[in-house]
Amino acid sequence: MLLSRVAESVYWAARYLERAEATARLVHVHTELFLDLPKAAGIGWTPLLALTGSGEAFRDRHHEVSEEQVVDFLATGADHDGAIVASIARAHANLRVTQAILPIEAWEVLNELHYWVNQTRNQAVDRRTRLAWTNQLIRQCQLLSGLLEGTMSHDDAYAFLEIGRGLERADMTTRILDVQAGILLGQRDDVSAYADLTWMGVLRSLSAHQMFRRTVGSSVSGPAALRFLLRDPQLPRSVERCLIEISRALLELSRHHQPMAACAAIQQLLERADHDSPDGEGPTATALHEYSNRLQDGFAALHELLVATYFQMKPSTSTVLLPV
Amino acid sequence: MWDDYQSPGCWDELLVDGEPRDACDGVVRYLMSLGDELGARQEAAELAIRSMGITFTVYSEATNIDRAWPFDVIPRVISTQEWERISRGLVQRLTALNLFVDDLYGAGKVVADGVLPAEVLATSVNYRPECEGVRPPQGVWAHICGSDLVRDADGTMYVLEDNLRVPSGVSYMLENRQVTKRVFADLFRDLDIHPVDSYPNKLAGLLAALSPRPGDSPVIAVLTPGVYNSAYFEHASLAQQMGAHLVEGKDLVVDGDDCVYLRTVDGLVRVDVIYRRVDDLFLDPEVFRADSTLGVRGLMRAWRAGNVALANAPGVGVADDKVVYSYVPALIRYYLDEDPLIPNVPTLLCADDSDRARVLSHLDEMVVKPADGSGGYGVFVGSTATADMKDDVRRRVEANPRSYIAQPIIRLSTAPTLCDGRIAPRHLDLRPFILSGEQPYVTQGGLTRVALNEGSLVVNSSQGGGSKDTWVIDPSVSAPPRHPHEGHSQS
């Protein structure tokens with residue numbers, strides 16, 4: 001028996017944790033890419049802002065986009081939802097109100113993480129300490145996931161944790177594809193010598209590079225990487241896999257018909273994606289952008305149905321008296 | 001570190017003339033043998049508190065709502081024999097108080113027989129006419145009580161006040177023990193320190209027994225005002241340890257059948273017992289404050305119909321009014337025909353003309369308290385008050401005498417406390433918790449609160465107070481502890 005309010009908090013906590021981790025991965029990989037590629041490759045920091053969907057919020061405040069400003073904004077910016085420190089704080093605040101159902105070990109790790117990001121926030125900006133910082137953050141997030149997986153009963157609350165995580169993962173994957181891949185595809189005719197390197201960066205920021213090599217075998221190309229990140233049923237951060245995880249978790253819950261249908265609708269979008277690129281070179285940048293937007297609309301619709309079904313139920317319309 | 005330790009003319013809980021008291025022998029010798037390492041243990045304790053997320057909340061700080069729980073690593077020790085005596089006194093007191101409240105909202109004999117003057121009742125801000133005629137299960141209104149005990153310079157333990165409405169602090173008692181077990185693991189092996197961990201289990205049992213649907217495994221909820229309440233940490237922690245639902249008012253709904261339901265992801269689920277940590281006046285906007293968003297509309301209806309049990313019952317606060325407090329010894333004699341086992345602090349009622357005259361002419365020696373206050377707010381301590389503060393309290397008392405009581409300043413006992421790397425005496429009190437169920441239960445010790453500022457007598461955590469773990473030890477069975485740096489024997 002799970003309170004609606006608690007379910008909602010767990011769901012948001014999972015989303016914020018995933019968002020913090022994904023943002024740390026992006027910063028990490030982009031920093032490495034920036035160090036590796038010559039200036040001529042024209043790798044700047046602006047794409048990173050678009051990747052987290054926070055470009056607008058950033059431009060409201062800054063004119064020139066320097067590395068420090070961007071990283072500072074993404075890691076410690078206090079006043080937008082995407083920043084790592086803010087995401088950890090929100091996850092902490094959400095799980096704080098659900099302490100009663102959270103394993104104590106997991107709560108302790110989250111406390112330490114919350115304390116740590118605040119103590120060390122400056123290390124995120126300085127390039128010399130940044131990679132160690134993002135690594136540590138990713139590890140702590142992973143530790144927390146592992147602890148929850150291994151110590152929390154896989155009950156309804158855990159289902160909401162999985163749903164929140166899956167939805168945020170899928171969302172972050174499409175954000176990365178939407179903008180970064182869109183830009184790269186737009187430059188397809190330039191025969192950029194670095195296109196494969198930047199595509200590897202995309203795979204790496206989703207921890208998918210090694211798995212791509214193992215699963216796909218071929219060398220990294222835009223269309224292959226795209227297909228892998230959207231449709232591979234086994235890669236943890238592919239959109240398809242995230243939807244599988246969400247559906248599985250939904251099956252554990254009562255009254256899941258509408259959210260399940262929303263999940264299926266997104267999966268249909270994924271299936272149709274292959275037909276969009278008969279030439280084998282992948283969709284045009286515009287088509288990919290529109291397609292990603294459609295996926296994100298699908299995620300938003302799923303979110304709304306979760307809210308209506310589980311979080312904001314009206315007592316007069318949904319009275320179900322359970323024998324206890 | 002310990003050589004120049006001296007209590008300022010008060011009773012010290014651990015030492016007398018530089019020597020350990022009876023039950024403290026093992027503890028004190030161990031602490032002394034630690035030398036400077038004691039500071040490292042204090043740091044370890046603070047680290048544990050931070051990682052365990054033990055916090056309390058200060059009302060006025062909007063941005064930084066959580067503060068680490070201030071804790072002193074040196075425990076306070078009480079002998080089993082003394083605790084046995086105190087426990088019996090507390091159970092006696094609570095038995096009488098429950099009979100009193102039940103009588104007040106029922107037949108009213110205590111007033112008819114002239115034991116409690118009618119005007120005390122008539123002017124009590126915590127009397128709730130809405131509760132008249134209600135008979136809660138077992139006739140118990142105050143299921144959970146936290147009474148504050150203080151010890152005067154001559155060693156006498158007094159009850160300073162009873163907290164019957166929403167007493168807090170018990171989870172800090174539990175957490176303090178977790179911390180000292182981490183920090184003094186080697187000591188727990190050797191000393192016979194009574195465990196405190198059974199409290200959540202006893203509380204869960206008490207609450208379950210109140211269910212209006214006996215035979216089921218009842219649905220129990222802890223009703224909290226929410227994450228901004230100063231005791232939120234405790235609400236969450238107790239709910240977790242009892243396997244109860246931690247709920248806010250908006251999680252509950254009273255349906256047309258006058259039953260209370262939880263909003264869950266599966267739909268509505270009926271609640272049997274609510275351990276409410278929301279004050280009476282905010283419980284139900286239908287009956288009490290209409291602007292309350294913390295309560296549940298219709299909750300009083302459901303309670304009066306017997307469809308849900310509330311612990312503590314609404315209206316119980318009438319008995320922790322500090323004017324009523326002064327009548328408790330008389331109430332014990334009246335209901336139980338026994339002499340009180342623990343005395344009250346002598347109390348002067350400002351509503352009484354001769355008492356008030358004495359209070360106002362001896363302000364230097366008095367503590368003046370609001371009759372219906374709690375949390376140490378609005379307490380005037382004569383010995384440290386400025387002339388302005390005295391004028392102010394005089395005005396307030398004269399304008400509203402029923403709202404104030406006065407007591408002689410008790411020179412609260414002290415215990416050695418680690419302050420900036422040295423050991424200094426600090427004043428403390430003790431809040432044990434008493435459960436009034438089918439079998440009464442008193443915690444082993446309780447929450448020791450300590451005033452961390454030198455000379456201060458105010459122990460509330462909201463006002464610079466900290467806490468210590470409280471160890472009830474039987475001196476006759478405890479083996480002398482090993483020196484911490486001695487290893488196990490090699491044999």
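The values are calculated or read from the model by the stated rules, or taken from the named source; none is laboratory data. All values reported here derive from a predicted model rather than from experimental measurement. Heads up, the Cβs are rebuilt from the backbone with ideal geometry, glycines too, and the neighbour counts pull from every protein chain shown.
A few comments on the model shown:
- Residues within segment A:18-37 that are of a type in the set (S, T, N, Q) and buried (at least 19 other Cβ atoms within 10 Å of the Cβ), tallied: 1
- No other residue among B:56, B:71, B:100 is at pLDDT below 85, among the aromatic types (Phe, Trp, Tyr) and touching a helix residue (DSSP H, G or I) at 6+ places or on another chain (Cβ under 7 Å) apart from B:56.
- Matching option when the condition is modelled with pLDDT of 95 or more and of a type outside the set (S, T, N, Q), among B:286, B:338: B:338
Table: residues versus (1) acidic (Asp, Glu); (2) within 19 Å of residue A:134 (Cα to Cα); (3) at pLDDT 80 or above.
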site	(1), (2), (3)
A:2	no, no, yes
A:6	no, no, yes
A:17	no, yes, yes
A:33	no, yes, yes
A:43	no, no, no
A:69	no, yes, yes
A:103	no, no, yes
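- If you go through segment B:259-286 and keep only what is away from chain A (no Cβ under 14 Å) and surrounded by fewer than 21 Cβ atoms within 10 Å (Cβ to Cβ), you end up with B:279, B:281, B:282, B:285, B:286.
- Hits in segment A:207-223 (condition: assigned to a helix (DSSP H, G or I) and modelled with pLDDT under 85): A:222, A:223
- Odd one out for residue B:336, checked against (1) closer than 25 Å to residue B:165 by Cα; (2) crowded, with 17+ Cβ neighbours inside 10 Å: (2)
- Positions within segment A:142-173 being polar (S, T, N, Q) and crowded, with 22+ Cβ neighbours inside 10 Å, in sequence order: A:173
- Residue check, residue B:30 part of a loop (DSSP other than H, G, I, E, B), away from chain A (no Cβ under 14 Å) and either at pLDDT below 95 or in contact with a helix residue (DSSP H, G or I) (Cβ under 6 Å, 6 or more places away or on another chain) (or both): no
- Tallying residues that are of a type in the set (Ser, Thr, Tyr) and either in contact with a Lys or Arg (Cβ under 9 Å, 6 or more places away or on another chain) or not in a helix (DSSP H, G or I) (or both) within segment A:145-171 yields 2.
- For segment B:78-109, residues that are part of a helix (DSSP H, G or I) and either aromatic (Phe, Trp, Tyr) or more than 30 Å from residue B:122 (Cα to Cα) (or both) total 10.
- Residues in segment B:263-304 that are touching an Asp or Glu at 6+ places or on another chain (Cβ under 6 Å), of a type outside the set (D, E, K, R) and part of a strand (DSSP E or B): there are none.
- Check on residue A:177, buried (at least 18 other Cβ atoms within 10 Å of the Cβ) and at pLDDT 90 or above: no
- Every test in (1) more than 21 Å from residue B:198 (Cβ to Cβ); (2) surrounded by 20 or more Cβ atoms within 10 Å (Cβ to Cβ); (3) among the hydrophobic types (A, V, I, L, M, F, W, C) is passed by residue B:227 save one, and that test is (2).
- Pairs linking a residue in segment A:1-12 that is facing chain B (nearest Cβ under 7 Å) to a residue that is surrounded by 21 or more Cβ atoms within 10 Å (Cβ to Cβ) and among the hydroxyl-bearing types (Ser, Thr, Tyr), with Cβ atoms under 7 Å and 6 or more positions apart or on different chains, are A:1/B:264; A:2/B:264; A:3/B:264; A:4/A:310; A:4/B:264; A:7/A:310.
- Residue A:106, sole failed condition from (1) farther than 15 Å from residue A:10 by Cβ; (2) in contact with a Ser or Thr (Cβ under 7 Å, 6 or more places away or on another chain): (1)
- Segment A:100-115 - residue that is buried (at least 20 other Cβ atoms within 10 Å of the Cβ) and more than 24 Å from the chain's Cα centre (by Cα) and, of those, nearest to the other protein chains (Cβ to nearest Cβ): A:100
- Of all residues in segment B:466-485, those satisfying the criterion of being modelled with pLDDT of 85 or more and among the small types (Gly, Ala, Ser) are B:466, B:467.
- Filter pass, residue B:319 being within 25 Å of the chain's Cα centre (by Cα), more than 30 Å from residue B:385 (Cα to Cα) and of a type outside the set (Phe, Trp, Tyr): no
- Screening residue B:237 on (1) part of a helix (DSSP H, G or I); (2) at positive phi shows it passes everything except condition (2).
- Residue selected from segment B:287-299 under the condition in contact with a strand residue (DSSP E or B) (Cβ under 9 Å, 6 or more places away or on another chain) and crowded, with 18+ Cβ neighbours inside 10 Å, by the criterion nearest to residue B:211 (Cα to Cα): B:299
- Set B:225, B:195, B:214, B:167: member being more than 9 Å from chain A (Cβ to nearest Cβ) and touching a strand residue (DSSP E or B) at 6+ places or on another chain (Cβ under 8 Å): B:167
- Among residues that are assigned to a helix (DSSP H, G or I), more than 17 Å from the chain's Cα centre (by Cα), surrounded by 15 or more Cβ atoms within 10 Å (Cβ to Cβ) and touching a residue at least 12 places away in the same chain (Cβ under 8 Å), residue B:329 is included.
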